[in-house]
Amino acid sequence: MQAAEITERLKSVVVQTYGDRVGTFKLRSVDEATSKARQKARSQLSKEERLLIDRALVPFRDWLIERDPEAAERVASGSPAPQDIETAVHAAEDHAVAQMAPEITEEEVLLLEARLETGRIETVEERNRNRHPPLRLNNRHVRTMAWGLAVIVLGAGLATMATEVGTLVNVAGIAVFVYGFRKWRSGETTSNVPDVSVFRGGKIKRDGETQL
């Protein structure tokens, strides 16, 4: 088997598994069973076979970088490739080793192939959607949450003197905190700027787009 054949086979696995999705590879970690299967399989390969796989992984790694515009831009600027690319290359190495090791069980083959074949890719859109704005006091919704916590603390103090009053204050504090938390989580920022007035229901999204 030639290095080019191994490279093309690994590319085919990625395309079949992830399609045209581009982003961050999310692969499962190496457990003890996979680690043992890896050691057993690699020990059965000759030095020439290991070098063959190493040569095949070089163009495969370049291909992974090229298909991801962000990774390609990062590497072009002189920075190292993203860690998830290196992780995917290691998973591909396990996959190639599983195909070449002569005396490993079907279960061990499945373990070595699974990391590359059962992962997922988190796209840029998904990654950005999962990010939340930082907890900073210059964010009005964070300040709202802080006020809510302060009211809850005040309610706890009042509860020692007047239970009913303390309970009502606590409920109010929780309501304020939850309101602020939901607004902060959504990433929305209200504004009193005339052309995006809160009195007209205007909202400024995090990306700066105006929504009326």
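Computed from the coordinates by the stated procedures, all read-outs in this text should not be read as laboratory data. Quantities reported herein were computed from a predicted structural model and do not represent experimental measurements. Ideal geometry is used to build each Cβ from the backbone, glycine not excepted, and the neighbour counts take in all protein chains shown.
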(message) over 27 Å from the mean Cα position of the chain (by Cα), surrounded by 15 or more Cβ atoms within 10 Å (Cβ to Cβ) and closer than 16 Å to Thr34 by Cβ: which single residue out of Ala101, Ala56, Ala96, Ala92 fits that description?
(response) Ala101
(request) Please specify each residue of the range 64-87 satisfying the condition of being within 18 Å of Val13 (Cβ to Cβ) and in contact with a helix residue (DSSP H, G or I) (Cβ under 6 Å, 6 or more places away or on another chain). (result) Leu64, Ile65, Glu66, Ile85
(message) Test of understanding: among Ala76, Ala41, Ala33, which residue is small (Gly, Ala, Ser) and surrounded by 12 or more Cβ atoms within 10 Å (Cβ to Cβ)?
(response) Ala41
